[in-house]
Amino acid sequence: MANLKFAFRRLFKTPFVTIVAILSLALGIGANAAIFSLVNEVLLARLPVPEPDRLVNLSAPGPKPGSQSCGTAGNCSEVFSYAMYRDLDKIQTVFMGIALHVGFGANVAFSGQTESVRGMFVSGNYFRVLGLTPALGRLLDANDDRVTGEAHVAVLDHAYWQKRFGENPAVLNQTMIVNGQPMTIVGVAPRGFDGTTLGIKPAVFVPVTMKEVLQSGWKGLSRRQTYWAYLFARLRPGVSIEQARASLNAQYHAIVNDVEAPLQKGMSDQTMAKFRAKPILVESGKQGQSNVRGEARTPLNLLLGVTALVLVIACANIANLLLARAAARANEMAIRLSIGANRRQLVVQLLVESLVLAVLGGLAGLVVAHWTLNFIASLLPAEDVVAFRFGLDPAVLAFAAAVTLGTGILFGLFPALHSTRPDLASTLKGIAGQLSGARGAARFRTVLATAQIALSLMLLVAAGLFTKSLFNVSRVDLGVKIDNVITFGVSPKLNGYGFDRAMTFFKRLEDELAAVPGVTGVTASLVPLLAGDNWGNDVSVQGFTCGPDTNCNSRFNEVGPGYFRTLGVPLIAGREFTSADEGKSRRVVIVNEAFLQKFGLGRDAVGTLIGERGGKLDTEIVGIVQNAKYSEVKDKIPPLYFRPYRQDDNMGSLSFYVRSSLPLDQTLAAVRPAVARLDPNLPVEDLRSMPQQVRDNVCFDRFMTLLSAAFASLATLLAAIGLYGVLAYTVAQRTREIGLRMALGAAPGRVRGMVLRQVGWMTLVGGIIGLAAAVAVGRAARSLFYQLEWYDPSALAAGVVLLSGVALLAGFIPAHRASRIDPMTALRYE
């Protein structure tokens, strides 16, 4: 306790220096805690279920002829047909059970209020396999998915129950409407459980046997060639993953060869051999199933490394500060040693001082971490903010505490050891600054400052690469004109609308929006533009031979009249869709240039026939449009054909686009009233401007650029402070020497040059090391850059110039001060 009181007294004797040190540590620790919060959430956290290590994920890579649907839970190599799931769960012997899940969009109505949420179709044993117990009522069980379309029951997510129902237990056994179907609420999932897919927080869990009922028009439960279901399982006690993999593969191959292979038609011998031999993979499932982890692993690890370097730079600054303070306290240490204190006591005292400094910095760092997480959340789309936790949970607090303790020891140990071993006689005579120990400390401070320069340059170059990459992204030609366009979605089908009623609603909504003052164009599409969705079909094209192993797939969209005119996509040949392209009229499509290229068609392709899913050639190409982006800003434009949405007899959801001469905020404000006039219970989904849609599509690039630039700027600022501190202290220590030089005739310019030469050498050495490190980092992160080489000369040059300027500025102040030293005053300096 005495050491602690003394530590506080010593620190607050120099409040300005202490505050600078605390702020430096707060920035470093706070940045690390914030990024670790994301790393923990995305890469490290396990499912909050009993014994998560016994969970395994199943996937089925290999040929999947037929229809495939995949999403956030994983890519299409991981999905199974429902029939295969039932077969595997029935015959397997190594698991406590195999569970199924897949997300879906849901319109949920209760007490006259409807909202659009995420739902999860699950098998009846889903919660049992996870080992969960309900917070209220019961969870789904095997009796809830025995018969297709009969189990009108639902389980609420705990967080949704809190938010929507105020944790009211009376909701149990009440009826809510999910996608137009009455569903009885039978229970609430346990607190803290938000499903098994990172990136999706379902509000409601319903039996998978209700999928065809809640998604009207979809028929896939009985089709073996429709792949859409994600599977996981729990190992039986004593069964290893290797044993489960061997056993399940034998059973899987028997089903594939005896049941599914005979169903395949038109498959080549080579593809059939691959089909029969395809494996089933069994891998750890302790973290659930999500493709978010694979996509986020490299950037998050990179950001964590960047923030760790920022903290190292901050620690180097504090170490330099403590070394300078130790020199000033040399007499104190010598006196205490001479009157009987042992070295261990002094080291402990100095470490307590550094730990107090670290703890104060760590507490302030929690505030910085909170601000940083809020800033990160502001960079992400709204749906991502809802899907992830942005907070300081116990794991993050423990990490921050460990970092705080580690930094306190890291920057305090060397100064403590160094300052407690002075030559007592020399120190008491006041010449300690000229001893070899002081020279050793000076060299150590110089090494730290040089290392700071190297690390700062590396981070500046990395930030420059991300900035250049974002600049390249911003210059991408989208092929569409998005200025003054807003977009939103509606899903009347999820409110129980039939086809005719939904189609009438869409037409009336187009008229309502067109009547809004200032609106110059209204159109719609099935697949939202630049929203990350990809829909595709195999097609047959007149004059093009599609063999068994030929890739005949094309992306598609269904759009409304005036789609291309409204979005500014030039028509090359033929015509646009009109209101006459509906119902039973002749089936027509419009194709893009990439479609022509893939299927060997020329600009005279208007009139050519195509067919979908290998069917007959019954659809005529009536127009050709210029290539335009489809799903992703950064992806290559795919072959694409467009159908009139009014010719789809199962249409139930559309994304609308409204072009207006008015400001975007006025157009956005007009949408909800227009929808409410037609159906006040129909939620408006994803209402935003098209420029915002594009920003959300490339949010990862902005995220990495802004964070890397912010952390690089912080590192450079800290390095500049460190460099200034080293030079200022060096000048102070050499005051007598500089005064003697000037008394002997040295000009002020020569003295300035002497100090700036030291800056130059430190910058040169640090710059060489930093450039080498920057090239290595750029090479490791090259997959994150868009149309950019990892050794981009402009980014390297910009980093060097910027850091050199900052270093010279930091060095000029002490150099100028040295040049103004009065020789007579300096010669009397002690």
**OP:** Considering only region 761-789, state which residues are aromatic (Phe, Trp, Tyr) and touching a residue at least 24 places away in the same chain (Cβ under 8 Å).
**Re:** PHE785, TYR786
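Can you name the residue in region 40-88 that is of a type in the set (D, E, K, R) and in a loop (DSSP other than H, G, I, E, B) and is also nearest to the chain's Cα centre (by Cα) among such residues?
To start, the set of residues in region 40-88 that are of a type in the set (D, E, K, R) comprises 41, 46, 51, 53-54, 64, 78, 86-87.
Next, only the ones that are in a loop (DSSP other than H, G, I, E, B) stay: 46, 51, 64.
On the way: ARG46: 18, GLU51: 27, LYS64: 30 Å.
Taking the candidates together, the pick is ARG46.
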Original post:
Counting only residues that are closer than 22 Å to ASP145 by Cα, open to solvent by 20 Å² or more (accessible area, probe 1.4 Å) and at pLDDT 90 or above, how many does region 54-81 have?
Top reply: 1
**OP:** Test LEU248 against the stated conditions and say whether it is out of contact with any Cys (no Cβ under 8 Å at 6 or more places or on another chain), in a loop (DSSP other than H, G, I, E, B), open to solvent by less than 20 Å² (accessible area, probe 1.4 Å) and touching a residue at least 24 places away in the same chain (Cβ under 8 Å).
**Re:** no
Original post:
Name the pairs whose Cβ atoms lie under 6 Å apart, with the first residue in region 138-151 and under 11 Å from VAL186 (Cβ atoms), the second part of a loop (DSSP other than H, G, I, E, B), and 6 or more positions between them or separate chains?
Top reply: LEU140/GLY124; ASP141/GLY124; ASP144/GLY124; ASP144/ALA151
**OP:** Could you pull out the residue among ASP477, ASP483 that is among the charged types (D, E, K, R), at pLDDT 70 or above and either over 30 Å from SER579 (Cβ atoms) or in a helix (DSSP H, G or I) (or both)?
**Re:** ASP477
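Residue by residue, here is whether (1) within 23 Å of GLN174 (Cα to Cα); (2) crowded, with 17+ Cβ neighbours inside 10 Å holds:
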position: ASP89; (1), (2): no, yes
position: VAL102; (1), (2): no, yes
position: ASN107; (1), (2): yes, yes
position: MET120; (1), (2): yes, yes
position: GLY131; (1), (2): no, no
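Would you mind stating whether SER240 is at negative phi, touching a Leu at 6+ places or on another chain (Cβ under 9 Å) and exposed (fewer than 15 other Cβ atoms within 10 Å of the Cβ)?
Values: at negative phi: yes; touching a Leu at 6+ places or on another chain (Cβ under 9 Å): no; exposed (fewer than 15 other Cβ atoms within 10 Å of the Cβ): yes.
Against the criterion (at negative phi, touching a Leu at 6+ places or on another chain (Cβ under 9 Å) and exposed (fewer than 15 other Cβ atoms within 10 Å of the Cβ)), SER240 does not qualify.
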**OP:** Report yes if some residue within region 337-351 is modelled with pLDDT under 85, touching a helix residue (DSSP H, G or I) at 6+ places or on another chain (Cβ under 8 Å) and among the charged types (D, E, K, R); otherwise report no.
**Re:** yes
**OP:** Return the only residue of GLY266, GLY187 being crowded, with 19+ Cβ neighbours inside 10 Å, more than 30 Å from the chain's Cα centre (by Cα) and not charged (D, E, K, R).
**Re:** GLY187
Original post:
Just checking, which of THR307, THR298 is buried (at least 24 other Cβ atoms within 10 Å of the Cβ), among the β-branched types (Val, Ile, Thr), at pLDDT 70 or above and part of a helix (DSSP H, G or I)?
Top reply: THR307
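Just to verify a result, which residue in region 207-231, among those that are closer than 14 Å to ALA154 by Cβ and out of contact with any helix residue (DSSP H, G or I) (no Cβ under 7 Å at 6 or more places or on another chain), is surrounded by the fewest Cβ atoms within 10 Å (Cβ to Cβ)?
We begin by selecting, within region 207-231, every residue closer than 14 Å to ALA154 by Cβ; these are 207-211, 213-214.
Those still in the list that are out of contact with any helix residue (DSSP H, G or I) (no Cβ under 7 Å at 6 or more places or on another chain) too: 210-211, 213-214.
On the way: MET210: 25, LYS211: 21, VAL213: 19, LEU214: 24.
Top of the filtered list is VAL213.
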**OP:** Output the residue which, of all residues in region 597-616 that are in contact with a strand residue (DSSP E or B) (Cβ under 8 Å, 6 or more places away or on another chain) and not in a loop (DSSP other than H, G, I, E, B), is modelled with the lowest pLDDT.
**Re:** GLU612
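Can you tell which of ASN143, ASN173 is open to solvent by 30 Å² or more (accessible area, probe 1.4 Å), closer than 23 Å to ALA83 by Cα and either outside any strand (DSSP E or B) or in contact with an Asp or Glu (Cβ under 8 Å, 6 or more places away or on another chain) (or both)?
Values: ASN173 fails: closer than 23 Å to ALA83 by Cα.
Checking each option against the conditions leaves just ASN143.
So in region 678-718, with the set limited to residues that are part of a strand (DSSP E or B) and not charged (D, E, K, R), which one is nearest to TYR786 (Cα to Cα)?
Looking only at region 678-718, we keep the residues that are part of a strand (DSSP E or B), and these are 685-689.
Now restrict to residues that are not charged (D, E, K, R): 687, 689.
Numbers: LEU687: 28, SER689: 24 Å.
Of everything passing the filter in region 678-718, SER689 is nearest to TYR786 (Cα to Cα).
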Original post:
Given the residues THR550, THR523, which is the only one that is free of Cβ contacts under 8 Å to residues at least 24 places away in the same chain and among the β-branched types (Val, Ile, Thr)?
Top reply: THR550
Original post:
Considering region 475-518 alone, what residues qualify as being touching a residue at least 40 places away in the same chain (Cβ under 8 Å) and either within 30 Å of ARG782 (Cβ to Cβ) or polar (S, T, N, Q) (or both)?
Top reply: VAL476, LEU478, GLY479, VAL480, ILE482, ASN484, THR487, SER491, ASN495
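Any residue that is in contact with a strand residue (DSSP E or B) (Cβ under 8 Å, 6 or more places away or on another chain), open to solvent by 10 Å² or more (accessible area, probe 1.4 Å) and not hydroxyl-bearing (Ser, Thr, Tyr) - is there at least one of those in region 26-47? Working first, answer last.
Residues of region 26-47 in contact with a strand residue (DSSP E or B) (Cβ under 8 Å, 6 or more places away or on another chain): 47.
Applying the additional criterion that residues be open to solvent by 10 Å² or more (accessible area, probe 1.4 Å) yields 47.
Those still in the list that are not hydroxyl-bearing (Ser, Thr, Tyr) too: 47.
Yes.
Tally time: how many residues in region 617-636 are assigned to a loop (DSSP other than H, G, I, E, B) and open to solvent by 40 Å² or more (accessible area, probe 1.4 Å)? Write out each step before concluding.
Narrowing region 617-636 to residues assigned to a loop (DSSP other than H, G, I, E, B): 617-618, 626-636.
Add one more test, that the residue is open to solvent by 40 Å² or more (accessible area, probe 1.4 Å), and what stays is 617-618, 626-627, 632, 634-636.
Summing the residues that are assigned to a loop (DSSP other than H, G, I, E, B) and open to solvent by 40 Å² or more (accessible area, probe 1.4 Å) in region 617-636 gives 8.
With the requirement that a residue be among the hydrophobic types (A, V, I, L, M, F, W, C) and either open to solvent by 50 Å² or more (accessible area, probe 1.4 Å) or touching a Gly at 6+ places or on another chain (Cβ under 7 Å) (or both), what does region 509-532 give you?
Going through region 509-532, the residues among the hydrophobic types (A, V, I, L, M, F, W, C) turn out to be 509, 513-516, 519, 522, 524, 526-527, 529-531.
Those that are among the hydrophobic types (A, V, I, L, M, F, W, C) and either open to solvent by 50 Å² or more (accessible area, probe 1.4 Å) or touching a Gly at 6+ places or on another chain (Cβ under 7 Å) (or both): ALA514, ALA515, ALA524.
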**OP:** Of all residues in region 638-651, count the ones that are open to solvent by 10 Å² or more (accessible area, probe 1.4 Å), touching a helix residue (DSSP H, G or I) at 6+ places or on another chain (Cβ under 9 Å) and either under 19 Å from VAL480 (Cα atoms) or part of a strand (DSSP E or B) (or both).
**Re:** 3
Subject >> Hits in region 463-490 (condition: touching an Asp or Glu at 6+ places or on another chain (Cβ under 7 Å) and open to solvent by less than 50 Å² (accessible area, probe 1.4 Å)) >> reply: LEU465, SER469, LEU470, VAL473, PHE488, GLY489, VAL490
**OP:** Tell me which residues, restricted to region 96-115, are within 33 Å of the chain's Cα centre (by Cα) and closer than 28 Å to PHE80 by Cβ.
**Re:** GLY97, ILE98, ALA99, LEU100, HIS101, VAL102, GLY103, PHE104, GLY105, ALA106, ASN107, VAL108
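Would you pick out the residues in region 652-668 that are open to solvent by 20 Å² or more (accessible area, probe 1.4 Å), in a helix (DSSP H, G or I) and in contact (Cβ under 8 Å) with a residue 40 or more places away in the chain? Walk me through how you get there before you give the answer.
Going through region 652-668, the residues open to solvent by 20 Å² or more (accessible area, probe 1.4 Å) turn out to be 653, 659, 661-666, 668.
Checking the rest, the ones that are also in a helix (DSSP H, G or I) come to 664-666, 668.
Matches in region 652-668: LEU664, GLN666, LEU668.
Only one of these is over 30 Å from VAL777 (Cβ atoms), touching a Leu at 6+ places or on another chain (Cβ under 8 Å) and either modelled with pLDDT of 85 or more or of a type in the set (Phe, Trp, Tyr) (or both): VAL658, VAL684. Name it. So that I can check it myself, show each step before the final result.
Numbers: VAL684 fails: touching a Leu at 6+ places or on another chain (Cβ under 8 Å).
Of VAL658, VAL684, the one residue that is over 30 Å from VAL777 (Cβ atoms), touching a Leu at 6+ places or on another chain (Cβ under 8 Å) and either modelled with pLDDT of 85 or more or of a type in the set (Phe, Trp, Tyr) (or both) is VAL658.
The values are calculated or read from the model by the stated rules, or taken from the named source; none is laboratory data. This is a predicted model, so every value here is computed, not measured. Using ideal geometry, Cβ is built from the backbone for each residue, glycine included, and neighbour counts are taken over all protein chains shown. All accessible areas refer to the heavy atoms of the entire protein, side chains included, with ligands and DNA or RNA removed. Shrake-Rupley method; radii C 1.70, N 1.55, O 1.52, S 1.80 Å.
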